[in-house]
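Worksheet: the structure to be examined is printed underneath.
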Amino acid sequence: MLKALGFKSASPSPAPVTDPKHALGALEDAVSLERGLRAMDLVMDDRPSEAQKLLNDGSSTYDKLARGVIAFIEATLGFEADAIKHAVDTLYEAEQASQKDRSKAQKANIRSSSRYAPGTEYALTYAEAHLLGAISLFLSESMLDSAKALLRLRKAYQMLDELNRSVNTNPPSALPYMSSSSSLASSSAASLSSTANSGVQTPNSTHSSVDTKLSQTEAIQLKAKLFHEMKSKRFGRPLQTSNADGQNGQNGENGQTEDGYLINDGTVAGQQSVDEFIQSGVDTMFGLLQLVISIIPPGIGKVLSIVGFHGDKENGLRMLWRASKYTNIHGAIALLALLQFYDGPTQFSDIELPKKAGSSSDSDGSSGEDDLTTVAKEPQSLEDLNRTKHNLEKGLKVMRSFYPRGALWQLQEGRMVASKGNLEKAVEIMNDTSSGPIELKQLDGLMLFDKTIMMLVLHRFEDCAKNFIRLMNLNSWSHSLYMYLAGACYVEIYRENQQSNPEKAKEAKEKAKECIEKIPSLFGKKRFMAKTMPFDVFVLRKMNQWKSTAQEKGLHIVDAIGTSPVNEAIYFWNGFNKMPQNLLEESLRLLGYSGAPGSDYASDHDPVLAETEDESITRYILQSIALRQLGRVQEGVDLLDKHVMSKIWTPQPQKGTTKSGLPKVHYNKQYKDPWAGPTAIYERGIFEWRINGVQNADRVRDYLDLAMNWADDYELSTRVMMRIKSGMDRLELIARQNSK
């Protein structure tokens, strides 16, 4: 067991923790751990400078891991090359320190934990640093780094797998300090609002020099006092040092003896903190890996399974839900992962979950069980989904209280509100600056991007254009995409004001041209796994297409643009599913601007540019979706069948049929928008679901299979395939339910 981590299969019993020498070592570890946890809490509260200040004097493995985690968060929020390199280097230092301390703990056969084998905590810090370092390498622009990352990721998976088998053989139902209560969050928030080093000295400062002059007992008592001070700072309340009734005090160690470091159950003060760190860390890191591997596109998943990666969605969710109950960095990461999952592959599905028989139509999920057995399973019904959302809301409320200045949690709250369709409220939440300016520049950029996409769905094109340009000063992610989206907004402003405000239209037209012409100079500056970013490829193709049309027809480049690029972008970010009804009507009209006179759903003005078949396919796909969201489902499917399906494939019944009776087809892939064909087939399947529901589930599945089989790789294929896969997963879930 744990060969990859360097554990021996058999070893003498660990030295008793009642030995003062060993107790002092355990307390030193606990003090270092508490400092690292507090520093990471400060980062979650958007106070990275205070976190770095707190860690300045620390040189322990936990200090180095905390620095690495902070660097990793900054790298993943902004994707800047310098930040990524710093994260990789810092996490490597944490790996090296972990190996050294693990070896030392195993050799001395002393354990800082009350439950786990000597060195387990450092096996976890090593695996955690290894995993985060691998992810950081994936973000780099080097193919060599990406290859290294895959090898490191495989090793991290193996280490966490073995750790999980060891730690979770008999997992505790609850360890101390597990809480999601608002009272704990409130008191912890009060602690975080104090200064990072408000009188609490680190072991590398005052106490380390004093220990040599004190008796061993006095040194232990001083170290125990420091531990309790640091822990009370993190949780915002004095920890109980005695317990008359024999029950565990909330968030404190079990009742302590008069020695100040021994606990009535025979453990040493601080050991339970290490227990919590190990359990929450294994659950978070391995749970996250299990979940991610289980939901990635099938093509990548097959490759990963060949090299030893195996995902388990239900087990991953169970581990993450369990970890989310901890009030530490692992609990925060676990909740973030759950929020991303349920706002992504599950909620993203256009196939709705059925209601339970006899359930209330207005069930909000606020009642019912929320144990791990229930919440770890993917929602089986609308009521299950509402219950899951309710549990997430409770968790987010705790985190918002625990990290009152944390813009990351403000962002999550805005996203959650937006997922319910209340975009106006979501933007209002993200605009709230009452906690002061955002210190993490990368997070400021992420907040602005999310908010601006929501504003795009709300048709606030002027503000969006300015925000997309401003984003170029906040991060280095995809400047060509930002400039493209800004230009697209100005295109829409130009079109809307041609008749009513010619001066404004003229100004917007020139701004759109300026944005479009800047795209080539920004193209390819950001790469992922040594490849050009998918949206950069999309943007350059569109720009070249417009430029070619303008030259061929002798037009201004803005007049050479066909189907509304803004509404195309809205679709890519799932905006039609969240758009208010009045704006869906407006999008239907805006899309008609480029339509051929007299054609279905075209506007009544004469366009400068004749609509091509390529452009009409894209327009009709988007208009059919808008009609469906307006409740005009039959109109939408008729439009899609009439103008799109007959063009993107040719039925070949002589070659056979699918399970539901659809004929085999030949795909027509000559159109300029590579994503349009498979998207149209996918959306046709969603129409089938909306019209006939479960009774025609086989036909819906056949449409999704046909969409999936369009090609292995094409422009924006990952984004399209994620939609298809989420639909397939939902259908499989419903089929399992119906077969019971």
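The values are calculated or read from the model by the stated rules, or taken from the named source; none is laboratory data. The structure presented is a predicted model; accordingly, all values stated were derived computationally and were not measured. So basically every Cβ, Gly included, is an ideal-geometry build from the backbone, and we count neighbours across all protein chains shown.
Please enumerate the residues belonging to region 621-664 that are among the hydroxyl-bearing types (S, T, Y) and closer than 16 Å to I570 by Cβ. Walk me through how you get there before you give the answer.
Filtering region 621-664 down to residues among the hydroxyl-bearing types (S, T, Y) leaves 624, 646, 650, 657-658, 660.
Matches in region 621-664: S624 only.
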Query raised in the report: Of the residues that sit in region 480-525 and are touching a residue at least 12 places away in the same chain (Cβ under 8 Å), part of a helix (DSSP H, G or I) and small (G, A, S), which one is farthest from P607 (Cα to Cα)?
Result: S480
Query raised in the report: Looking at this structure, is F348 surrounded by fewer than 19 Cβ atoms within 10 Å (Cβ to Cβ), under 25 Å from G421 (Cβ atoms), modelled with pLDDT of 60 or more and of a type outside the set (V, I, T)?
Result: yes
**Report entry** Unique match (being at pLDDT below 95 and outside any helix (DSSP H, G or I)) among G421, G445
**Finding:** G421
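Would you check if there is a residue in region 88-98 being touching a residue at least 40 places away in the same chain (Cβ under 8 Å), at positive phi and crowded, with 22+ Cβ neighbours inside 10 Å? Break it down stepwise before answering.
Applying the first criterion (touching a residue at least 40 places away in the same chain (Cβ under 8 Å)) to region 88-98 yields 88, 91-92.
Next cut, at positive phi only: none.
Looking through region 88-98, none of the residues is touching a residue at least 40 places away in the same chain (Cβ under 8 Å), at positive phi and crowded, with 22+ Cβ neighbours inside 10 Å.
Just to be sure, is S140 modelled with pLDDT under 90, surrounded by fewer than 24 Cβ atoms within 10 Å (Cβ to Cβ), under 30 Å from the mean Cα position of the chain (by Cα) and among the small types (G, A, S)?
Working: modelled with pLDDT under 90: yes; surrounded by fewer than 24 Cβ atoms within 10 Å (Cβ to Cβ): yes; under 30 Å from the mean Cα position of the chain (by Cα): yes; among the small types (G, A, S): yes.
So S140 passes the test.
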Query raised in the report: All but one of (1) over 24 Å from L423 (Cβ atoms); (2) surrounded by fewer than 18 Cβ atoms within 10 Å (Cβ to Cβ); (3) touching a Leu at 6+ places or on another chain (Cβ under 7 Å) hold for E613; which doesn't?
Result: (3)
Query raised in the report: Among N738, N668, which is among the polar types (S, T, N, Q) and under 19 Å from S349 (Cβ atoms)?
Result: N738
Requested in this report: Output the residue which, of all residues in region 568-587 that are in a loop (DSSP other than H, G, I, E, B) and not polar (S, T, N, Q), is farthest from the chain's Cα centre (by Cα).
Outcome: P580
Requested in this report: Take N582 and decide whether it is modelled with pLDDT under 95, polar (S, T, N, Q) and within 20 Å of A418 (Cα to Cα).
Outcome: no
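Could you pull out the residue among V694, V720 that is aliphatic (A, V, I, L, M), surrounded by fewer than 21 Cβ atoms within 10 Å (Cβ to Cβ) and modelled with pLDDT under 95? Break it down into steps so the answer makes sense when it comes.
Details: V720 fails: surrounded by fewer than 21 Cβ atoms within 10 Å (Cβ to Cβ).
Step by step, each of V694, V720 is checked, and only V694 is aliphatic (A, V, I, L, M), surrounded by fewer than 21 Cβ atoms within 10 Å (Cβ to Cβ) and modelled with pLDDT under 95.
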Query raised in the report: Which of the residues spanning region 588-629 are at positive phi and either within 35 Å of the chain's Cα centre (by Cα) or in contact (Cβ under 8 Å) with a residue 40 or more places away in the chain (or both)?
Result: none
